[in-house]
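Remarks on the structure that follows.
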Amino acid sequence: MSSLIKVRILSWNDIYNYVDILASKIVCSNWHPDIIIAIARGGLVPAVLLSDFLGVKSMLAIQLEHWPAPGQVEESVRLRHDLPPVDISGKRVLIVDDIADTGDTLLFAKKYVGSRYTGVSIKTAALHVRKNKTRFVPDYWSEEVESEHWIMYPWNYVEDLTLIMKRVVNSLKDVNNLVSVLERLQRETGIDLSRIPVVCMKNVLRELGREPRSSIC
């Protein structure tokens, strides 16, 4: 097995700071959205926080799929769940995601919304952007990311850690040695497990089959 992807962990305080930067940039651009569309799942929390910071009460969500696992990307964006049947023609629309990595997801959403409604003014936003890699740069972003580290957001701790740890488990002979699993995880990814809430680690272990969720019922 090749080396695991390096990981950069973000805290909730980090997220609030990044959203504050985004909100300030939007305000200073003299453009204010009438409605915010979150790209689920990654863009849901940033979109909700932005709606709070900007005082935008109208929100919608669209679910797209492009990243099946940390460091792995599908060839094309897939629409999983459509927007609800509402008319937002003529509105100023802000589409929000967590990161513009390839940029494909934000670009897909912008084209999709623009083709479905007439007279919409669409802008896009993300907490992070990889300018050296993305094929689409959003109108607003908080931080430009230069490293190839996988960014682990607080709302993805369980899913990301589960997928990464499954790769570790598959590479070890003694899969029952949790210490060995955690040591390799920290050594190869750079993850500081002390920053992961205990309740998240409990759920990771459940997902790995060590502690079935049915046992809590």
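Quick note: the coordinates plus some simple rules give every number you see, no bench work behind them. Quick caveat, the model's predicted, so the values are computed rather than measured. Note that we place each Cβ from the backbone using ideal geometry, even for glycine, and neighbour counts take in every protein chain shown.
Worth a mention:
- Too-long pairs where the Cα-Cα distance tops 26 Å, listed order kept, from Lys111/Lys166; Lys6/Lys131; Lys131/Lys166; Lys25/Lys57; Lys57/Lys111; Lys133/Lys202: Lys111/Lys166; Lys131/Lys166; Lys133/Lys202
- By the count of neighbouring beta-carbon atoms within 10 Å, fewest first, Tyr153, Tyr112 end up ordered Tyr112, Tyr153.
- Length-normalised contact order for the chain - Cα pairs under 8 Å, 6+ apart - percent: 23
- Take every DSSP beta bridge whose two residues both sit in the chain; close to 15 percent of them are antiparallel.
- Taking other C-beta atoms within 10 angstrom as a stand-in for reagent exposure, Val181, Val27 fall in the order Val27, Val181, fewest first.
- Cβ-to-Cβ counts within 10 Å put Trp150, Trp12, Trp155 in ascending order as Trp12, Trp155, Trp150, the fewest first.
- Orientation-averaged projected area, Cα convex hull of the chain (nm²): 13.6
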